[in-house]
Amino acid sequence: MYFAYKKKPYKGDALKALNQLQIKSKNILDLKIKKKSVIIDCLFGTGISRNVSGFLRKVIIKINKSKQKTISIDIPSGIHGDTGKVCGYAIKANVTLALHSKKTGHTLYPGRNYCGKIIVVDIGISKKFNNYIE
């Protein structure tokens, strides 16, 4: 099941991609977490720089309270990628799939405590570009 925030309609390439998926979506505010679920977290990325608030804060609290297995993509939502700072609230992941390489926020506290096991996933970026993107 895919959850989306329906108050802000998708447009352009995002709408085209969503339509191509042909999957049923539900409003994220209606999120109900069943026992024995695996949650894939990709609410925010490494560039978050403001505190999580509003309905997304509620979603993060609900996910963390569920105690279900959570896999974060690149970095747990709510963790600043450069500093490891918790931006108000953050997902407490069991596993984090770090895309291309570990980010500074994976290694600094308190962010390190939110990552769980960190697995670096090769996404095809040549290692020679590391100096340009890190």
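No other residue among K127, K103, K117 is out of contact with any Pro (no Cβ under 9 Å at 6 or more places or on another chain), surrounded by 19 or more Cβ atoms within 10 Å (Cβ to Cβ) and charged (D, E, K, R) apart from K103. Only one of the numbered conditions (1) surrounded by 14 or more Cβ atoms within 10 Å (Cβ to Cβ); (2) on the phi > 0 side of the Ramachandran plot is violated by V59, and that is (2). Looking for something part of a strand (DSSP E or B), modelled with pLDDT of 95 or more and basic (K, R) - is there at least one such residue anywhere in the range 73-89? There is no residue in the range 73-89 that is part of a strand (DSSP E or B), modelled with pLDDT of 95 or more and basic (K, R). The sole residue among L43, L21 that is under 28 Å from I125 (Cβ atoms), over 15 Å from the mean Cα position of the chain (by Cα), among the hydrophobic types (A, V, I, L, M, F, W, C) and open to solvent by 50 Å² or more (accessible area, probe 1.4 Å) is L21.
Scanning the range 24-40 for residues that are at pLDDT below 85 and open to solvent by less than 100 Å² (accessible area, probe 1.4 Å) yields S25, K26, N27, I28, L29, D30, L31.
The values are calculated or read from the model by the stated rules, or taken from the named source; none is laboratory data. As the structure is a prediction and not an experimental result, all values here were calculated from the model. FYI the Cβ positions are ideal-geometry reconstructions off the backbone, even for glycines, and counts take in every protein chain you see. When the accessible area is computed, the model is the full protein with side chains, heavy atoms only, and any ligands, DNA or RNA have been set aside. Shrake-Rupley method; radii C 1.70, N 1.55, O 1.52, S 1.80 Å.
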